[in-house]
Each structure stands twice: as structure tokens, then as C-alpha cells.
Amino acid sequence: MKINIMTLFPEMFEPIRASMIGRAADNGIIELNIVNIRDYTEDKHCRVDDTPFGGGAGMLMQVQPIVSCYRQNEFAGRTIYMSPRGRKLSQEIAEELAGEGELTILCGHYEGVDERALTELSAEEISIGDYVLTGGELAAMMMIDSIVRLIPGVLGGEKSAEIESFSDGETLEFPQYTRP
Ligand code: 4HQ
């Protein structure tokens, strides 16, 4: 599976290069393609944000850098914008997304992104919960972690069998013990 991540803070994704996901990327089971939206700005001062038209607090991410980034990289597959307005992430959604060949994830900052960028990318919105973060990066990492562990070959054989037998029971685990 190819996972494209559009962000203003690529360095925030270092932690997912470690652990199980890092190994899956090293083994070629997944491909993490992390791109910096700022690299696509056509503004002479490299700005990527602007004030909301008609007023409102804070700043919004501009359409141009996002759309240029998406087009120039020829991203394909479903595009997901991490947003507290979105469909709440669940095991069912993770399972659904684990079956995709390519996913593009847009991480917003400031007050969010200009709605025209979301329309242009036909982005679906997914939320990790009813609370407000400073950016979509941590939300994206949580979603990616929940998806990638379901891809065959990412966890050890023993673990994947466990997933088969638990499927939706994963979230209802009983207390477990190592030997006394
Ligand atoms: N965000 N689930 C993006 C979130 C969030 C969430 C806050 C994402 C602000 C711009 N994302 N912006 N909750 O709180 O996904």
C-alpha cells in the first residue's frame, strides 16, 4: 500500500518510521511518501496561509500549495483530510482503508484549510475524536497505525492470526498475564 502524506511538518512523522510501521516500510509492504506542502508554494515569501475571507479567527491554509502539491505528485486513490468535523475513526474504517492500494492524507494546520482545496481533492474527512489538535499530523499517525497493522505481513504470524479470530473483539480484550 502506498500512503501519501501532505503536511507542513514532515519531521513530525519520524516516529512512525520506527517500530512495526518502519519495518513494514523497510520490507516494502507499505510505502510512506511524505511531502512538504510548503515546497509547492508559488508565493514569493513562501507563504501557505491566508486570512479567512469574510472574517473569522486565525489563518487558513491556501488552495494553491495544496492543489499544486497533489497534482504535481500525481497522487491517486482516496484522499482523506484529518478533521474534527469528519467521520469518527473506528476499527471498521481502519479495516476498510487497509484494503486500499493507495491513500493520500492531508494534514491541516492553523484553523484548517480553504474548502476549495478539499473540493478539488475530493477529500473525505476523518476525525480521531471530539477534541481539537493543533494540526492533523498526530491524527494521521494514529489512523495510519490502525490501518497498517491490518495489512498482511506487517505483524508477526502469531499476531495476525489473533486479528483474524478477534476481528471486532480486539477492542474488548480481557486482562492477560505473563507467568507468575
Ligand atoms: N484537527 N481528528 C486539523 C483535529 C483533528 C481531530 C484540528 C485537525 C485542526 C486544522 N483531526 N486541524 N480531532 O483536531 O482529526
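Okay, here's what the table says:
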{"read-out": "Measure of compaction for the range 72-111 (Cα Rg per 2.2 N^0.38 Å)", "value": "1.31"}
{"read-out": "√(5λ) per eigenvalue of the Cα gyration tensor, the chain, largest first, Å", "value": "33, 18, 14"}
{"read-out": "Separation in nanometres of the label points that stand 7 Å from Cα toward Cβ, at Met142 and Ser19", "value": "1.2 nm"}
{"read-out": "FRET efficiency estimate (nearest 0.05) - Cβ-Cβ, Arg179 to Asp50, R0 35 angstrom", "value": "0.05"}
{"read-out": "Solvent-accessible area per residue, Å², over the chain with all protein chains present [probe radius 1.4 Å]", "value": "57 Å²"}
{"read-out": "Gained length - Glu42 relative to Ile29, 0.36 nm times residue gap less alpha-carbon distance", "value": "1.2 nm"}
{"read-out": "GNM flexibility winner over the chain from Val132, Val113, Val148 (Cα, springs under 10 Å)", "value": "Val132"}
{"read-out": "Carbon and sulfur %, accessible surface of the chain computed with the full protein complex present, 1.4 Å", "value": "51 percent"}
{"read-out": "DSSP-defined beta bridges in the chain - what % are antiparallel, rounded to 5", "value": "10 percent"}
{"read-out": "Relative contact order %, the chain, counting alpha carbon pairs below 8 Å whose residues are six or more apart", "value": "26 percent"}
{"read-out": "Distance in nm between pseudo-label sites at Arg116 and Gln91 (7 Å out along the Cβ direction from Cα)", "value": "4.3 nm"}
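The values are calculated or read from the model by the stated rules, or taken from the named source; none is laboratory data. What you see is a predicted model, and the numbers here were worked out from it, not measured in a lab. As a convention, Cβ positions derive from the backbone with ideal geometry for all residues, glycine included, and neighbour counts pool all protein chains shown. All accessible areas refer to the heavy atoms of the entire protein, side chains included, with ligands and DNA or RNA removed. Shrake-Rupley method; radii C 1.70, N 1.55, O 1.52, S 1.80 Å.
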